[in-house]
Amino acid sequence: MQLKRVVVTGLGALTPIGNTLQEYWEALLAGKSGAAPIQHFDATLFRTHFACEVKNFNIEDHIERKEARKIDPFAQYAMVSATEAVADSAILDSNPNLDRIGVIWGSGIGGLKTFQDEAQGFFEGDGTPRFNPFFIPKMIADIAAGHISIKFGFRGPNYVTVSACASSTNAIIDAFNIIRLGKADAIVTGGSEACVNEMGMGGFNALKALSTRNDSPETASRPFDLDRDGFVLGEGSGALILEELEHALARGAKIYAEVIGGGMSGDAYHITAPHPEGLGAKNTMLAALEDANISPSDIDYINVHGTSTPLGDIAEVKAIQQVFGEHAYDLNISSTKSMTGHLLGAAGAIEAIASILAVKNDIVPPTINHFTDDPELDPKLNLTFNKAQKRTVNVALSNTFGFGGHNTSVIVKKFSN
C-alpha cells in the first residue's frame, strides 16, 4: 500500500526555559539555562539542591481551580502544551471529523507527586485507609491522553507510551505510523513529566545519576564536557500536531516540517547504563534512516540525547561516528538538555520540537556550559558549543534513550510538496 505523508502543523511547549513555544525557542537560541535552586520543596537535606523547574506558572491561568485539583501536574502540563499546539494548528477551525483525530502521549512516570502525597498522607495518619477518590485517576500515566481527548472531543486512537526517557519519542513514532497507514487524519502527540519532588529527586540521587554541582546550578548540565557529573532533573511538556499531508493541505494549514522516519531498538545490556559502544543507539539511528529511505549524508543536524552523564555522552558519540563515518564531521550536533535539563518522558517531545524549529529556521541551538574538552571525544566533531549556529538544516534527527535500554530516533525534513 502507498503510505501517507505526515507533516507537523502545530506545536506547543511548557519548559524550564519558556512557558510557550516562542519563549522556548528564543531561550534555546540565547543559550539560557533553566537550572536553579529548587522551589517546589525544601531540598536542603538532598544531595542535589537544584533542578530545571517550570517557572512563573499558575495552572489556574489555564484550568479552573476545581478541575485542576483533580489533575496531577504532569497531566496539567500536558493539557497546557496540547492546548497551545491545537490552537497553533487551527485544526478545529475546519470542522474536522473528530473520530479521526487521536491523542498518543508519552510519560515515563506519570503522577509521581500524587502518589507521593497519598502515600505520605496514609503512613503519617492513624492507619485508617483514607484516600482521595481521584488518587488513581490522577496518578496513572495514561490519564494525560484522556484529559486531552476529553477537552477537545478527539475520538481517534488514544493511549500513552511508557518507555522511560524515550516515552514521548515512542509516542511521536506511533502517531507517525498510524497516520501514514491511513488510520487517522491527525494526532496530538508529545509528552509530559513532573518529577521534581522529593521522591523523584531522592530516587535519582540514590542512583547517583544527578549532578551535585550545588554551587553553580546554571552550569551543572554540561554534556560532552570533561567535568560533567550527571544530569539535571527537569519538568514540563511538549506537544506536536501530526497530520496527514492531504488533510493539512485541504484546510490550508501552515506546515512546520515533514516527519519522514522513526527508529527503535533495545540495548539488551543493562537496566540503567548504555551499551558502552553505543550499539542500541547505532541501531535505532540506522533503523530511522532506513525507514526514511535516506542516507546518512542527508542528515544536517542531530539533537542528541546528551544527558551530561559520563558514560552516556561517550556512547552516543561513538554510535554517531559508526553510523555517519566521515559525514559526522559535516554535522551539527547539540544537546539542548544543557539548557532544559532532562525532562525524562517529555524529553523527546521538546527535543523533537527543537529539531523541527531548527529545520524551519536554519539555525542550530547550542550545547551550552562547555568549559573543558573531553579527550575521549573527537575534537573535529561540531558539538555546537556555547552559541547557536546558522546553517542550512534540510534534515534533522533527534535521539532519545531510556532506562531499560530503550532507544528511539525520529527524522524530520523541510517540507516541499
Just to be sure before I move on: is ILE109 outside any helix (DSSP H, G or I), open to solvent by less than 40 Å² (accessible area, probe 1.4 Å), touching a helix residue (DSSP H, G or I) at 6+ places or on another chain (Cβ under 9 Å) and under 24 Å from THR15 (Cβ atoms) in the structure I sent? no
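Tell me which residues, restricted to the stretch 373-415, are assigned to a loop (DSSP other than H, G, I, E, B), in contact (Cβ under 8 Å) with a residue 60 or more places away in the chain and open to solvent by 50 Å² or more (accessible area, probe 1.4 Å).
Of the residues in the stretch 373-415, the ones assigned to a loop (DSSP other than H, G, I, E, B) are 373-381, 383-384, 386-388, 391-394, 403-405, 414-415.
Subset that is in contact (Cβ under 8 Å) with a residue 60 or more places away in the chain: 373-378, 381, 383, 386-388, 391-394, 403-405, 414-415.
Hits for the stretch 373-415 are ASP373, PRO375, GLU376, ASN386, LYS387, ARG391, THR392, ASN394, PHE403, LYS414, PHE415.
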Is one or more of the residues making up the stretch 88-105 open to solvent by less than 20 Å² (accessible area, probe 1.4 Å) and in a helix (DSSP H, G or I)? yes
Would it be correct to say that THR212 is at pLDDT below 95, open to solvent by 40 Å² or more (accessible area, probe 1.4 Å), assigned to a loop (DSSP other than H, G, I, E, B) and not acidic (Asp, Glu)? no
If you scan the stretch 157-199, which residues turn out to be closer than 20 Å to GLU351 by Cβ, open to solvent by less than 10 Å² (accessible area, probe 1.4 Å) and either in a helix (DSSP H, G or I) or among the basic types (Lys, Arg) (or both)? SER167, SER168, THR169, ALA171, ILE172, ILE173, ALA175, PHE176
State whether one or more residues within the stretch 297-319 are free of Cβ contacts under 8 Å to residues at least 40 places away in the same chain, surrounded by fewer than 24 Cβ atoms within 10 Å (Cβ to Cβ) and small (Gly, Ala, Ser). yes
Given the conditions (1) of a type in the set (D, E, K, R); (2) touching a strand residue (DSSP E or B) at 6+ places or on another chain (Cβ under 8 Å); (3) farther than 28 Å from VAL232 by Cα, report the number of the one that ASP142 does not fulfil. (3)
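For the stretch 43-59, which positions are loosely packed, with under 11 Cβ neighbours inside 10 Å and within 25 Å of the chain's Cα centre (by Cα)? So that I can check it myself, show each step before the final result.
First pass over the stretch 43-59, keeping only residues loosely packed, with under 11 Cβ neighbours inside 10 Å: 44-45, 56, 58.
Within the stretch 43-59, ASN56, ASN58 qualify.
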Cβ-Cβ distance below 9 Å, separation of 6 or more or different chains: which pairs start in the stretch 15-32 with a residue that is aromatic (Phe, Trp, Tyr) and end on one that is open to solvent by 20 Å² or more (accessible area, probe 1.4 Å)? TRP25/ASN361
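Does any residue of the stretch 252-268 turn out to be of a type in the set (Phe, Trp, Tyr) and open to solvent by less than 50 Å² (accessible area, probe 1.4 Å)? First the steps, then the outcome.
As a first pass, look at the stretch 252-268 and keep what is of a type in the set (Phe, Trp, Tyr): 256.
Add one more test, that the residue is open to solvent by less than 50 Å² (accessible area, probe 1.4 Å), and what stays is 256.
Taking every residue of the stretch 252-268 in turn, at least one turns out to be of a type in the set (Phe, Trp, Tyr) and open to solvent by less than 50 Å² (accessible area, probe 1.4 Å).
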Regarding the stretch 228-236, can at least one residue be identified that is in a loop (DSSP other than H, G, I, E, B), open to solvent by 10 Å² or more (accessible area, probe 1.4 Å) and more than 19 Å from TYR24 (Cβ to Cβ)? yes
Residue pairs qualifying under the 8 Å Cβ cut-off, at least six apart or on distinct chains, with the first in the stretch 218-229 being within 15 Å of GLY341 (Cβ to Cβ) and the second being of a type in the set (D, E, K, R) and assigned to a helix (DSSP H, G or I), are SER221/LYS337; PRO223/ASP313; PRO223/LYS337; ARG228/ASP313
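The values are calculated or read from the model by the stated rules, or taken from the named source; none is laboratory data. Note that this is a predicted model, so its numbers are computed, not measured. As a convention, Cβ positions derive from the backbone with ideal geometry for all residues, glycine included, and neighbour counts pool all protein chains shown. The area values use the complete protein model at the heavy-atom level, side chains included, leaving out ligands, DNA and RNA. Shrake-Rupley method; radii C 1.70, N 1.55, O 1.52, S 1.80 Å.
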